[in-house]
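Notes for the one structure printed next.
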Amino acid sequence: MKHFDKQAKEWNNDPKKTERAKIFAKEIINFTNPKSTDTALEFGCGTGLLSFQLKDAFKTILLADNSKGMIDVLQEKIEKQHLLNFKPLLVDLLEEDLNIGTFNVIYMLMTLHHIINLEKVAKIFNSLLKTNGYVCIADLVEEDGSFHNKHPNFDGHNGFDKEKLSLLLINNGFTIEHYKICFEIEKNLESETKKYPLFLMICKKQ
C-alpha cells in the first residue's frame with residue numbers, strides 16, 4: 001500500500017494508463033449495457049482512471065481503495081471536475097465488513113493480482129452484487145514473474161490462467177459471460193522488451 005501512496009502523485013502522468021482505461025471502459029459499456037439508474041463499484045480504484053471513463057454510464061460510482069495517497073489524488077480530481085455521482089471511499093474491503101449496499105456492476109483494473117486471497121474476494125464480489133449483476137476483471141494474463149521484477153517485495157499473483165480463474169468464480173456463484181485480450185503492456189527489461197497481455201473477464205452473478 002505504501003508503494004501506491006508514493007506513486008499516487010505521478011500515477012496520472014502515464015498516457016498509456018489512460019489509453020488502457022479507455023479501451024477497457026468501452027468494452028465494459030458495450031457488454032454490460034448499463035442503464036442510467038445502475039450503480040457501480042470500482043474495487044481498488046487508484047486515482048479512478050477507469051471510473052473517469054465510465055462517469056456518464058452509471059447513476060453513482062463508489063470508488064474504493066486502501067491507499068490514502070490514491071484517494072487524496074482522486075478527491076482532487078473529483079472536486080476539479082465537480083462530479084456529483086462519484087463517491088470516494090478509503091477502505092480495505094477485504095478487511096472491513098461495511099454496509100455499502102449492492103451494485104449492478106463491479107469492475108477493477110490491474111487490482112486482482114495484488115490480492116492474495118482470491119476465494120475471499122470472490123465471495124465479497126458475490127455479496128456486493130445484485131442478482132444478474134456483473135463483475136468485470138481486467139488484469140494480467142499469467143506471466144513468468146518478470147512483470148514485477150523491479151518490485152522484490154511483490155507477493156501477489158503473476159497474472160491469471162483463464163481456466164483456473166473461471167473455475168474459482170463459477171464455484172462462487174458466477175457464470176463466465178465474456179473473455180477477451182484487450183491490451184498489452186510493453187516493458188523494457190534488462191535483456192529484452194517483453195509484452196504482457198491484459199484480459200477482460202466479465203462474470204454474471206446467478
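Derivation of every value follows stated rules applied to the coordinates shown; laboratory data play no part. Just so you know, these numbers come straight off a predicted model, no measurement behind them. With ideal geometry, Cβ positions are generated from the backbone for all residues, glycine too; neighbour counts draw on all protein chains shown.
A few remarks follow.
- Any hit, region 162-182, residues being among the small types (Gly, Ala, Ser) and at negative phi: yes
- Filtering region 95-104 to residues that are touching a residue at least 12 places away in the same chain (Cβ under 8 Å) and of a type in the set (S, T, N, Q) leaves Thr102, Asn104.
- First in region 153-181 and farther than 22 Å from Lys26 by Cα and in contact (Cβ under 8 Å) with a residue 12 or more places away in the chain, second anywhere and surrounded by fewer than 12 Cβ atoms within 10 Å (Cβ to Cβ) and aromatic (Phe, Trp, Tyr), Cβ under 9 Å, 6 or more apart: none
- Among the residues of region 11-22, those that are surrounded by fewer than 17 Cβ atoms within 10 Å (Cβ to Cβ) and assigned to a helix (DSSP H, G or I) comprise Asn13, Pro15, Lys16, Thr18, Glu19, Lys22.
- The condition (being among the hydrophobic types (A, V, I, L, M, F, W, C), more than 17 Å from the chain's Cα centre (by Cα) and under 25 Å from Ser36 (Cα atoms)) is satisfied by just one residue among Leu83, Leu128: Leu83.
- Condition met for Lys59 (over 18 Å from Ile100 (Cβ atoms) and either surrounded by fewer than 18 Cβ atoms within 10 Å (Cβ to Cβ) or among the charged types (D, E, K, R) (or both)): no
- The set of residues in region 11-53 that are aromatic (Phe, Trp, Tyr) and without any contact (Cβ under 8 Å) to a residue 60 or more places away in the chain contains only Phe52.
- Subset of region 56-94 [more than 25 Å from Leu200 (Cβ to Cβ), of a type in the set (Asp, Glu) and touching a residue at least 24 places away in the same chain (Cβ under 8 Å)]: Asp72
- In region 95-121, the residues that are under 20 Å from Asn158 (Cα atoms) and among the aliphatic types (A, V, I, L, M): Met108, Leu109, Met110, Leu112, Ile115, Ile116, Leu118, Val121
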